[in-house]
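Comments concern the structure below.
Read-outs: derived from the displayed coordinates by stated rules, not from any lab. These figures come from a predicted structure and were not determined experimentally. Please note: Cβ atoms are built from the backbone with ideal geometry, for glycine as well, and neighbour counts cover all protein chains shown.
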Amino acid sequence: MQELQSLFEGYSVNVSFLGYALCILIVADLITGLVKGYLREGIVSSKLRDGGFKKCGVLAVVAVSYALGVLLNDAKHLIVNGVMAYYVYTEIVSVFENLNELNIPLPPILKNILGRK
């Protein structure tokens, strides 16, 4: 673990920053998904339930990664930061996908990243 931590010497991201960002993005994804569902096909309870369970699963994985970091004495929080950074990225992409499907204009670079023209 020391070798891995030495790779990131001087690199630190505040765990609470990523945690707040993740929570805000989860809420944003739920809201944009609800709006998309309402405008497209109507809100479907099974999709809403499945999405809610997935979001709870994300939070559970983050909690387990934090506990694993505590068990492994991960002082720089590399494990939980990595997990949260991954989920922050996926939530950002999901929000932009929802916005794109709602025909909200996005910059061309974001459309290219999403694979949409």
If the cut-off is a Cα-Cα distance under 22 Å, which lysines reach Lys36, setting aside same-chain residues fewer than 8 apart in sequence?
Lys47, Lys54, Lys55, Lys111, Lys117
Cα-based helix-to-principal-axis angle, 15-40 vs the chain, degrees rounded to 10
20
With label points set 7 Å from each Cα along the Cα-to-Cβ direction at Ile24 and Ala85, the distance between them in nm comes to 1.9
For the chain, report the translational diffusion coefficient in µm²/s to the nearest whole number, using Stokes-Einstein at 25 °C, 0.890 mPa s, and a Kirkwood Rh over Cα pairs.
154
Relative to the chain, whose Cα atoms define the longest principal axis, helix 78-101 and its Cα axis are tilted in degrees, nearest 10, by 10
At 222 nm, what helix-only mean residue ellipticity would the chain give, in deg cm²/dmol to the nearest 500, using -39500 (n - 2.57) for each DSSP H run of four or more?
-26000 deg cm²/dmol
